[in-house]
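*Asks:* First the structure, then my questions, so here it is.
Coordinate-derived values only; no laboratory data. Given the structure is predicted, the values throughout are model-derived calculations rather than measurements. Cβ placement follows ideal geometry from the backbone for every residue including glycine, while neighbour counts extend to all protein chains displayed.
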Amino acid sequence: MTSTTETRDRGGLDIRLSASWQPVAHATGYPTFTAIMQRDELAGVDARRMLSVILAGWGLMELKDEMDLVATELVANAAKHARGDVIRVNVQRTAHRRVRVAVIDKSREQPKLRQVDDLAESGRGLLLVQAVASAVGVVPLPWGKSVWAEVTAK
């Protein structure tokens, strides 16, 4: 079942897909949580809400700031550059104190690190992700890609 929310945009009424997520069994013994989210400017908010609940349940709230940054940047890239109406966000505990977030979209174009001017207002997202993540990667898919990053608790 798909649920929607109503949002006000420039005086009009828009219908937006509500993020829905569920646990899926994984070989690590920890569930992977997977979500379908609307590919729009509010997807980062949905991803951060999802992470808050999952990290609290795993007792890993010390990763919240780094994971929020990683998820927000990866989701923002998908919202800006991908195709289609939705993206998938997976959150997986890959080790006792390590969590991976992956954003799957329908664009086969690989993310690129950019050289940005010191005064530029955007373009640093992937650099920020690399700065806080313990590992990053891209998995090409026949119809798109999965961009992921892991953060390890100290």
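*Asks:* Which length gain, in nm to one decimal place, applies between residue 139 and residue 20 when the Cα-Cα distance is subtracted from 0.36 nm times their residue separation?
*Replies:* Details: separation 119, 0.36 × 119 = 42.84 nm, distance 2.34 nm.
Stretched fully, the residue 139-residue 20 segment lengthens by 40.5 nm.
*Asks:* Between residue 61 and residue 154, what is the label-to-label distance in nm when each label sits 7 Å out along the Cα-to-Cβ direction?
*Replies:* Between residue 61 and residue 154, the label points sit 1.9 nm apart.
*Asks:* Quick one: which residues, 5+ away or cross-chain, put their amide H under 5 Å from the amide H of residue 26? H built at 1.01 Å from N.
*Replies:* Those qualifying (amide H under 5 Å, at least 5 residues apart or on another chain) are 32.
*Asks:* If you average the alpha carbon positions of segment 25-42 and of segment 69-91, how far apart do those two centres end up, in angstrom?
*Replies:* 12 Å
*Asks:* If you don't mind, there's one more thing I want to ask. Please work out how much length the chain gains when fully extended from residue 132 to residue 95, using 0.36 nm per residue of separation minus the C-alpha to C-alpha distance, in nm with one decimal.
*Replies:* That pair, residue 132 and residue 95, stretches by 11.6 nm at full extension.
*Asks:* Among 64/106; 64/154; 80/112; 80/154, which pairs are too far apart, with a Cα-Cα distance over 23 Å?
*Replies:* Over 23 Å apart, Cα to Cα: 64/106; 80/154.
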